[in-house]
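Written out below as structure tokens is the structure these notes cover.
Please treat every number below as a calculation from the coordinates, not as lab data. What you are looking at is a predicted structure, and each value in this text was computed from that prediction instead of being measured.
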Amino acid sequence: MIRGLLWILAAILLGGIVHLSTVLAMPHTATQDAYSRLTPLTPVNAVVPLTPPTDESAIMPFMDPAFAAAVCRYDLTNGSLKLIAPVSQAYTSVTFYTRKSVAYYAINDRAAGRHSIELDLMTPEQHAALPEDEDVTAADRLIIESPSMMGLIVLRALAPEPGLMPMARQALAGATCSIQPAQ
């Protein structure tokens, strides 16, 4: 009796280990992640509006049709990135992802407290290389450190009503992300 319970317990434990290993390995082995899907559609270091999601085709999973979305696929090998995103009247958010789709920073228009979200994205090495000058490290300059050289920036603007979708798309159309040459 006890021997049978030990075998059942060992089988459950082994099944749990296999399940956990599979779940943890899946993001590293997936070939159709968001970055891979957007690579043929978006140039590097440029903001590109995404088409509205439909039932048949959505570029990225779980896209909300009430939000206009744009994406910037970035590469920091040639310098830091300057992002400027005008805010919409309803709600605007900016989320940063690594190449492996791990979110590491997010900000919205209410946290930015301005008419646009402006920030500098750089690696820790690029941040450490900044001069200790007072103008460069001003309190109103938002600097985000990226854990990877490549990744995605996803911008979203809410359209509270379907008729306000053009306003949300127009707000995202004014967004820019561009490489700042090394100083």
**Complete:** Percent relative contact order for the chain, counting Cα pairs under 8 Å at least six residues apart, stands at 30 percent
**Of every Cα-Cα pair in the range 66-159, the percent that sits beyond 19 Å** = 42 percent
**Request:** Using only the alpha carbon atoms of the chain, find the Kirkwood hydrodynamic radius as the inverse mean reciprocal pair distance, in angstroms to one decimal.
**Result:** 18.6 Å
**Prompt:** What is the range 3-102 by shape, rounded, prolate or oblate, if you read a ≥ b ≥ c off the alpha carbon gyration tensor as root eigenvalues and call it rounded for a/c under 1.5, prolate for a/b larger than b/c, and oblate otherwise?
**Reply:** prolate
**Asked** Helix 2-29 sits at what angle to the longest principal axis of the chain, using alpha carbons and giving 0 to 90 degrees rounded to 10?
**Response** 20 degrees
**Message:** Please list 3J(HN,Hα) in residue order for the range 57-72, calculated via the Karplus relation 6.51 cos²θ - 1.76 cosθ + 1.60 where θ = phi - 60°; whole Hz, with x for glycine and proline.
**Reply:** 9, 9, 5, 10, x, 6, 6, 8, x, 7, 10, 7, 10, 9, 9, 10
**Asked** How large is the helix-only mean residue ellipticity at 222 nm for the chain, computed as the sum of -39500 (n - 2.57) over DSSP H runs with n ≥ 4, divided by its residue count, in deg cm²/dmol to the nearest 500?
**Response** -8000 deg cm²/dmol
